[in-house]
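Beneath this line is the structure, given in structure tokens, with notes to follow.
No value in this document is a laboratory result; all are computed from the given coordinates. Keep in mind it's a predicted model, so treat the numbers as computed, not measured. Here the Cβ positions follow ideal geometry from the backbone for every residue, glycine too, while neighbour counts run over all protein chains shown.
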Amino acid sequence: MGYQAFTVQDAIERVRTLGLIGNEPVTAEEIGDGNLNLVFRIHAGDQHLILKQALPYAKVVGESWPLSLERAWIEQSALKEFAKVAIPFVPRVYHASKEEAFTVMEDLSHLTIVRAGLLEGEKYPLLAEHIGSYLARTLFYTSDFALGPVAKKQIARQYYNPDLCDITEKLIFTDPFYDAETNAIEAGLEAEVDRIWNDAELKREVAKLEALFITKGDALLHGDLHTGSIFASAEETKVIDPEFAFYGPFGFDVGQFIAHLFFAAYPDYDRLREERIKDIDTFWLTFASTFKALWEREAVEPFRSADGLVEDVLSTILQDALGFAGCELIRRTIGLAPVADLEQITDPTVRLERKRHALRLGAALIKRRTECKTFTDLRNFDVTEELSR
Ligand code: SR1
Ligand code: MG
């Protein structure tokens, strides 16, 4: 059976043939609202499942941007890899087909997508702690520090993901910093964008961050860890969609999550700012303390007892993460894949003011990231000056 994009009926037939549902009456719908895939939710009796199928092109752009179907296999492999070390935070995979580029997995519709939930005023009191723990575990356990060089490289070679890395290299690290066709710049923001395009220091630092992304294969990353890739409730958190998974720098996932916590404050900045900053504190403290505890208990790194080494590793992760967060803030504000946190602000003056804030915060994080070596530096990181210029 070769690849063909499924209809709702195809999706039902596949899960039935696979014995994942019985002969009871079925309802199904295509619910994919992301940028790349088809997603079918299937209900049969008390069974409910998700079937996700990759399309051979980027849905958000169209057939002019072809994409390898292999990403579906990478995604299900990554879900299984992450479940080994962070099971409470990963959806169950029931079946995957390489040829037809689909995965059948747990339906999480008892939870909400965090970006949408936060916009509705929903509270996720455990989210920051859960993602801190999820990332410490997935990053540590897939790194040389836990696996040693041979086992790590055996896993790493399964995650060669050029098409999806190319999207990130273009959309996060390149296009927003030039007058590229993919950009979507709101009228009124031109002067701010010109500042970015003419900032040689900023471009130099972005180029360094891109080089890190391309060359630093620390650990198996999720690769697209924004609040639209997380389902949660007050008690539970599940991370979905690791189709961008590849071996990359520790700081990348950490930085993307931080950027989207900042975005989550923009709909009502005066009211939400402190809450989201507290989330960033909790997230980083949980991440750093969990990573350190795993290191002390389980690292196979020969220099693991060297004085100050794990603290230096964590400092580098924090600095890289802030740089990556800065790139994410800029690209989601003027690039191809905008975020509802900004776009749904109805007052155009407020929306432009928040976009300007996101761009200036992003640039400051990129240029001044090396000032943040510890949690205290992060807590005291002050961008008042950049915001007022
Ligand atoms: C062409 S894909 C655009 C964006 O959607 C995905 O979720 C990634 O964030 C990607 O950069
Ligand atoms: Mg996604």
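Worth pointing out:
- Normalised by residue count, region 59-172 yields a Cα convex hull volume of 156 Å³ per residue.
- Exposure proxy shown here: for 280, 74, the number of other Cβ atoms within 10 Å sets the order, fewest to most, as 280, 74.
- Relative counts (whole %) of C-alpha pair distances in the chain, using bins that are 20 Å wide: 28, 58, 14, 0
- Karplus-derived HN-Hα couplings along region 29-36 (A = 6.51, B = -1.76, C = 1.60, θ = phi - 60°), whole Hz, x at Gly and Pro: 8, 8, 10, x, 10, x, 8, 10
- Ordering 168, 286, 370 by the number of other Cβ atoms within 10 Å of each residue's own Cβ, fewest first, gives 370, 286, 168.
- Calculated translational diffusion coefficient of region 1-107 (20 °C, 1.002 mPa s; Stokes-Einstein with Kirkwood radius over alpha-carbon pairs) equals 150 µm²/s.
- Counting neighbouring beta carbons within 10 Å and listing from fewest to most, the residues 130, 110 come out as 110, 130.
- Listed by chain and number, the aspartates and glutamates placed with their C-alpha closer than 20 angstrom to that of residue 80 are 70, 99, 100, 106, 107, 144, 218, 224, 236, 241, 243, 253; residues fewer than eight positions away on the same chain are left out.
- Separation of the alpha carbons by more than 22 angstrom is noted, of 216/355; 59/153; 170/216; 216/373; 152/203, for 216/355; 59/153; 152/203.
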